[in-house]
């Protein structure tokens, strides 16, 4: 086994170890993770929330036992593969051993550690961006058309994972057109590859068409409720923070792409990153949407720096450049991961507030980062719902109706009764079982001071009660209440069908 291979394996092992050690045991899974895991029970070519690739991974996790270990394994694996692609890119750019170590260090000790702790489409999204750029470099070097076909497949996978990868194409095309590499656009086999890519994503496009393009409704809703609170300056500031320890490497890559002769044929990458960031800024995108841009530029920067500091007095800078990402990781370790208890964060909010981590999608500051608050209270909710379900005489005719997908997904993940909660929110609107004539209702409802669920719903049932609520004050779902209504006086199914129709009016 070569020295390079041993070092690479060391980075891979360290990556897995870090990913499993960055979440404090006080936290449950995050809200979105429950929805993604539940998709394994409802395989389809599309969903209201995400494209279908996440459901395929969820199905594999289900086959493996659905444990938290496997839930965390796949985002960690995608992070490892991103590191590996950067390593292979550096090799392709003729980088030496130092360049490989520098690039791997920059990737390892970055915001990707944060991205890779959550089971969301983001980890695979970053991997697909990085892999697509790597394939582009391979094609430019070899001009072998097989890379066009591989690129089309990777892009299709990225599209079926997260539509965000379209921004890659939007930023790349004008950059290619302005460069000498535009000649690749005249390659006939490129369009055959594009046709293959279109065939691969066609089932999802047909699903969107047959369901009246819910992605458009979702994007409109996102723009009105979340993106409207996004600040463009804040977007740019966060770009600096994501790879703050390797910022000097990213700057070096931009300089090298303009002036370093061996990189002349890759010069369009400079224009590509500018165009892509401008598109993100125009649409007021969330800052993390752009993370997939940077790993490939770390490869360029690592190769360039390794060349200019390999001899003379500059060689003494080699350990310094390796140390910088490590030094920045120390404060990042203390602030950027849910490895501190909620109580600790509430008592020490200053640094979290400075970094904007306490600001939620509503544009307001809260006691905990939103992702952390979304990782609390779920086991308690599922346990109390199970207890309420056990008190019902004919539970098989009981509908468990939740306000949001996090509640429904958490109950379905943790329940010991085999119950299946639903909601009129997100994908759950398509997962109601209407072949059951319901006579009982367990209503899981977010707390709102002016709501009076018991008074409003109890007239439609012979018995009603409050079975419990989430008591964890640090949870975003704090005070979410479980109501139990039994022996219905009206047709519950008819009401459900009416609500589904109303909810589907995009």
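So residue 426 passes all but one of these: (1) at pLDDT 90 or above; (2) crowded, with 20+ Cβ neighbours inside 10 Å. Which condition number does it fail?
That leaves (1) as the condition not met.
Return a yes/no flag: does region 258-280 have any residue that is in the same structural domain as residue 132 (by TED's automatic domain parsing), under 21 Å from residue 89 (Cα atoms), over 21 Å from the mean Cα position of the chain (by Cα) and assigned to a loop (DSSP other than H, G, I, E, B).
Within region 258-280, one or more residues are in the same structural domain as residue 132 (by TED's automatic domain parsing), under 21 Å from residue 89 (Cα atoms), over 21 Å from the mean Cα position of the chain (by Cα) and assigned to a loop (DSSP other than H, G, I, E, B).
Checking the conditions here, which among 13, 9, 18 is within 30 Å of residue 97 (Cβ to Cβ), over 15 Å from the mean Cα position of the chain (by Cα), outside the structural domain of residue 405 (by TED's automatic domain parsing) and touching a residue at least 60 places away in the same chain (Cβ under 8 Å)?
Answer to the check: 18.
Could you check residue 428 against (1) touching a strand residue (DSSP E or B) at 6+ places or on another chain (Cβ under 6 Å); (2) in a loop (DSSP other than H, G, I, E, B); (3) under 28 Å from residue 51 (Cα atoms) and say which number it fails?
(2)
Results for (1) surrounded by fewer than 17 Cβ atoms within 10 Å (Cβ to Cβ); (2) in contact with a strand residue (DSSP E or B) (Cβ under 6 Å, 6 or more places away or on another chain); (3) modelled with pLDDT under 90, shown as yes or no for each residue.
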{"residue": "4", "(1), (2), (3)": "yes, no, no"}
{"residue": "10", "(1), (2), (3)": "yes, no, no"}
{"residue": "14", "(1), (2), (3)": "yes, no, no"}
{"residue": "17", "(1), (2), (3)": "yes, no, no"}
{"residue": "22", "(1), (2), (3)": "no, no, no"}
{"residue": "32", "(1), (2), (3)": "no, no, no"}
{"residue": "39", "(1), (2), (3)": "no, no, no"}
{"residue": "42", "(1), (2), (3)": "yes, no, no"}
{"residue": "48", "(1), (2), (3)": "no, no, yes"}
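Which of the residues spanning region 405-419 are surrounded by fewer than 24 Cβ atoms within 10 Å (Cβ to Cβ) and in contact with a strand residue (DSSP E or B) (Cβ under 7 Å, 6 or more places away or on another chain)?
419
Go through the residues of region 121-132 one by one and say whether even a single one is touching a helix residue (DSSP H, G or I) at 6+ places or on another chain (Cβ under 8 Å) and not in a helix (DSSP H, G or I).
Looking through region 121-132, at least one residue is touching a helix residue (DSSP H, G or I) at 6+ places or on another chain (Cβ under 8 Å) and not in a helix (DSSP H, G or I).
For every residue, the table says whether it meets (1) crowded, with 19+ Cβ neighbours inside 10 Å; (2) within 33 Å of the chain's Cα centre (by Cα); (3) modelled with pLDDT under 90; (4) not in a strand (DSSP E or B).
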site: 449; (1), (2), (3), (4): no, yes, yes, yes
site: 456; (1), (2), (3), (4): no, no, yes, yes
site: 466; (1), (2), (3), (4): no, no, no, no
site: 471; (1), (2), (3), (4): no, yes, no, yes
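Just checking: which of the helices (runs of 4 or more DSSP H) contained wholly in region 295-369 hold 3 or more residues that are touching a helix residue (DSSP H, G or I) at 6+ places or on another chain (Cβ under 8 Å) and in contact (Cβ under 8 Å) with a residue 40 or more places away in the chain?
318-335
The values are calculated or read from the model by the stated rules, or taken from the named source; none is laboratory data. Model, not experiment: these values are computed from the prediction. Neighbour counts run over all protein chains shown; Cβ positions are idealised from the backbone, glycine included.
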